[in-house]
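Take a look at the structure below.
The values are calculated or read from the model by the stated rules, or taken from the named source; none is laboratory data. Bear in mind that the values here come from a model prediction, so they are computed numbers and not experimental data. Glycine gets a Cβ as well: all are built from the backbone with ideal geometry, and neighbour counts include every protein chain shown. Just so you know, the surface numbers come from the protein's heavy atoms only, side chains and all, with ligands and any DNA or RNA stripped out. Shrake-Rupley method; radii C 1.70, N 1.55, O 1.52, S 1.80 Å.
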Amino acid sequence: MCNCISKKHNIDSLNQPSSSRKVDFPSSFLWGAAISSYQTEGANYNSDWYLWEKKKKIQEAARAANHYELFSRDFKLAKELNLGAVRLSFEWARINPKPGVYIEEEINHYKEVIQTLKILGLKPFVTLHHFTNPIWVAESGGFESSKNIGHFLEYLKRIVEEFKGDIQHWSIFNEPLVYVYNGYICGRWAPGVKSIRIARKVSSNITSAYIEGYKEIKSIYNGEVSSYVSLVNHIRKFSPCPNFNFGQNSISACLKDKLSNFGIINYLTKKSCLDYLAVNYYCKEYVKFKGLVGAECMHQFHKERKNYLGWYIYPQGFYELLKKFKHYDLPIYIMENGTAEIEDSLYKDYLSSHLQSVARAISEGVDIKGYFWWSLIDNFEWDYGFSPKFGLIDVNYDTFERRIKPFALTYAKICKENRIEI
Ligand code: BGC
């Protein structure tokens, strides 16, 4: 690791007019990559997504990347890439496939996973809920039913008690708004509901589950060891669609920004139950006026490059949002940032332009502690199936062979040197 230079020096180097400059990150900066259980492990047949795939006849995760068996190989590759941390999730349905039933072998499996990370010197960041529920929970109403708040808290308690000695950073939920939007407003994801009323209920139950879960984790740790608890929020740069109705589109974009990027964070910081801010940033969304909160507006005249999934790539928006998080005065972890592309050079561009945004925000006083690329390995991208490839590591889904992608070597160099060249 190189010597860290001061913030002042960072600012200066960002303003220098020379052709290639080096910008150092703080010496304690954590470099990582993220995955989630359902998207990588395979054979999660007790999860509600498994039923959803069958019902909708969409591509099935099936054995996914077989990370369940190959986790140790994947973490060794993470180490080869000079990462210092891995973000992963535990699959609630594996551990607790029936009401009140906890499977020791599965808890032990995750113990092995965490031990493997620790032996390799990789810091584990664990998410307890990343979009999937046990089938029995889904069949009894998922988070629409307040009874399931209790079931979720029972699972949380069991896991945190088991793992408290080994894990400091917990995320209770991943992207609740994305989960509620896709599952309960547009109906694209399980359980396929389209109802604002139900979406509100689910959202409020998840928020209550979070607050109770936060208190539970704090009481389990009881101040003996430090614990850091948060909820991962998806943030996007919302811009008004510039075609017609610009004035109204601006109101909708502004509202979306307020509600979606900051709403839950404002609420939870007021309740004093976020120890750090955990954010995922991918792209920009153009908003057109439709109802007050607006709708997404996709047009070929938007000037930004689109990635493989048609998302507008806009690193400047990342910087602008990070700057807005400064006033919360909480440490920030970027829990996911990444892209799916066909060409390696586009991954490289994305990586370097987004890291420049991170570096710039740090140089302007934003307390960003770490960065996780999404994802460590190629994985199952929900209703998109396996075709979008976000991984640093390519997975052959027939043989489960792994291959480090060329752009991952660029990331490895950044992680090792703790600096970027701009
Ligand atoms: C989700 C991941 C997903 C990624 C890319 C994020 O919003 O947390 O599960 O794979 O986006 O689509």
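Classify the range 281-327 from the C-alpha gyration tensor, please: rounded if a/c falls under 1.5, else prolate or oblate depending on whether a/b exceeds b/c.
Taking the square roots of the gyration eigenvalues as a ≥ b ≥ c, the range 281-327 is oblate.
Above 23 Å lies some portion of the pair distances; for the range 16-96, what is it as a whole percent of all C-alpha pairs?
42
Which three semi-axes in whole Å describe the equivalent ellipsoid of the range 208-258, each the square root of 5 times a Cα gyration tensor eigenvalue, listed largest first?
Calculated on Cα positions only, the semi-axes equal 42, 10, 6 Å.
Kindly work out what percent of the DSSP beta bridges joining two residues of the chain are antiparallel, to the nearest 5.
25
If you average the C-alpha positions of the range 138-193 and of the range 289-350 separately, how far apart do those two centres end up, in angstrom?
One Cα centre to the other: 25 Å.
Return the calculated 222 nm mean residue ellipticity for the chain, to the nearest 500 deg cm²/dmol, obtained by summing -39500 (n - 2.57) across DSSP H runs with n ≥ 4 and dividing by the residue count.
The helix contribution divided over the chain gives -12000 deg cm²/dmol.
I want the local charge near ILE251. Using Cβ-Cβ distances under 13 Å, sum +1 for each Lys or Arg and -1 for each Asp or Glu among the other residues.
+3
Relative to the compact-globule scaling 2.2 N^0.38 Å, provide the ratio for the alpha-carbon radius of gyration of the range 334-422.
1.15
List, in the order given, every pair from LYS79/LYS324; LYS324/LYS348; LYS218/LYS416; LYS218/LYS284; LYS56/LYS194; LYS57/LYS256 whose Cα-Cα distance in the structure shown is over 24 Å.
In this structure, LYS79/LYS324; LYS324/LYS348; LYS218/LYS416; LYS218/LYS284; LYS57/LYS256 lie more than 24 Å apart at Cα.
For the chain, what does the alpha-carbon gyration tensor say about shape, rounded, prolate or oblate, given a ≥ b ≥ c as the root eigenvalues, a/c under 1.5 as rounded, and a/b over b/c as prolate?
Verdict is rounded for the chain.
State in Å² the accessible area per residue of the range 275-411; use a 1.4 Å probe, count heavy atoms of protein chains only, and round to the nearest integer.
Per-residue accessible area for the range 275-411 comes out at 37 Å².
In nm², what is the average projected area of the convex hull enclosing the Cα atoms of the range 20-153?
Projected over every direction and averaged, the Cα hull of the range 20-153 covers 11.0 nm².
If each residue of separation counts as 0.36 nm, what is the full-extension length gain between GLU161 and ARG21 once their alpha-carbon separation is subtracted?
Using 0.36 nm per residue and subtracting the Cα-Cα distance, I get 45.7 nm.
Helix by helix through the chain, keep the DSSP H runs that span 30 Å or more along the axis on Cα and average at least -1.0 on Kyte-Doolittle, and give those back in order.
Going by DSSP H runs, the hits are 196-221.
Once you list every other residue whose beta carbon is under 13 Å from the beta carbon of ASN82, what net charge do they have if Lys and Arg are +1 and Asp and Glu are -1?
Computed value for this residue: +3.
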